[in-house]
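A.B. asks: Structure incoming, see below.
Each reported figure results from applying straightforward, stated rules to the coordinates on display, with no laboratory input. Remember, predicted model here, so these are calculated numbers, not experimental data. All Cβ positions, even for glycine, are placed from backbone atoms using ideal geometry, and neighbour counts span all protein chains on display.
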């Protein structure tokens, strides 16, 4: 039987017709297209991060040092690209943003369900984020991520597979609750660093990940301050005032706590 389907091309493989038609500015202002493209690219990178986090958790759960390390390096590289995009967004002056800001109506970056899912995969447990989402697939994905083991929980399983003693209350904790620092676990982590083998390198790559997310949060705050100052964010959010509360809060507190003991 003859195959009469069109030959695969660069454009059809990447679905460029759909992708390039997905920018729909609501004004004639020059800078609105830049604003849309940057945020769409963010969402594409968020999708890739969620994809990589899934692979990372599987590798950690299986005790695979090389695969976990490689995935963590990739995640850190993606975070660097995400942070670098802020440089482009900051070429927009406050007046240029104000020229189309009113057209955004109630839409806000706070409504990014993928970023909320990323936070949940990394261990954030805050049901208040549901306030932005009506019942439906987005809310269900965030809620599911908050009720399954986080990246750090997978890391604890990894340590057990490499013959380290993880406190029972950490290994069998209620994963729907926020992660809290554990002095007993920190003793185990000190031994991991003392052995200076593969697990110690995984610890360092997790710190890279944590630092990368904190860097993103800081640059995001400064960008918002630069563009809108202390005005309320779009959609009525608290804007920079809220974002400042997220700064300097580590994802993996135990990995930072042990550093003064190394």
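A.B. asks: Report the normalised scattering of segment 51-110 as log10 I(q)/I(0) at q = 0.24 Å⁻¹, calculated by the Debye formula with identical scatterers on the alpha carbons.
C.D. replies: Debye output, listed in q order: -0.96.
A.B. asks: Separate question: Give me the number: length gained by fully extending residue 61 to residue 84, i.e. 0.36 nm times residue separation minus the C-alpha to C-alpha distance, one decimal in nm.
C.D. replies: 5.1 nm
A.B. asks: To continue, here is another question. What distance in nm separates the two pseudo spin-label positions at residue 174 and residue 11, each 7 Å out from Cα along the beta-carbon direction?
C.D. replies: 5.6 nm
A.B. asks: Treat the count of other C-beta atoms within 10 Å as a stand-in for reagent exposure and order 130, 155, 46 from fewest to most.
C.D. replies: By the 10 Å Cβ count, ascending, the order reads 130, 46, 155.
A.B. asks: Tell me, 26, 139 in order of fewest to most beta-carbon neighbours within 10 Å?
C.D. replies: 26, 139
A.B. asks: Under a point spin-label approximation (7 Å from Cα along Cα-to-Cβ), what is the residue 18-residue 37 distance to one decimal in nm?
C.D. replies: Inter-label distance under the simple model: 2.1 nm.
A.B. asks: Rounded, prolate or oblate, given the Cα gyration tensor of segment 88-216, with a/c below 1.5 counting as rounded?
C.D. replies: Because a/c hits 1.5 or more and a/b fails to exceed b/c, segment 88-216 counts as oblate.
A.B. asks: Something else: Pull out the extension gain between residue 144 and residue 48, defined as 0.36 nm times the separation in residues minus the alpha carbon to alpha carbon distance; nm, one decimal.
C.D. replies: Gain on extension, residue 144 to residue 48, equals 32.7 nm.
A.B. asks: So, R0 is 51 Å and r is the distance between the beta-carbons of residue 226 and residue 163; what FRET efficiency does that work out to, to 0.05?
C.D. replies: 0.55
A.B. asks: Tell me the mean residue ellipticity at 222 nm calculated for the chain from its helices only (DSSP H runs of n ≥ 4, each -39500 (n - 2.57), averaged over every residue, nearest 500).
C.D. replies: The helix-only estimate for the chain comes to -19000 deg cm²/dmol at 222 nm.
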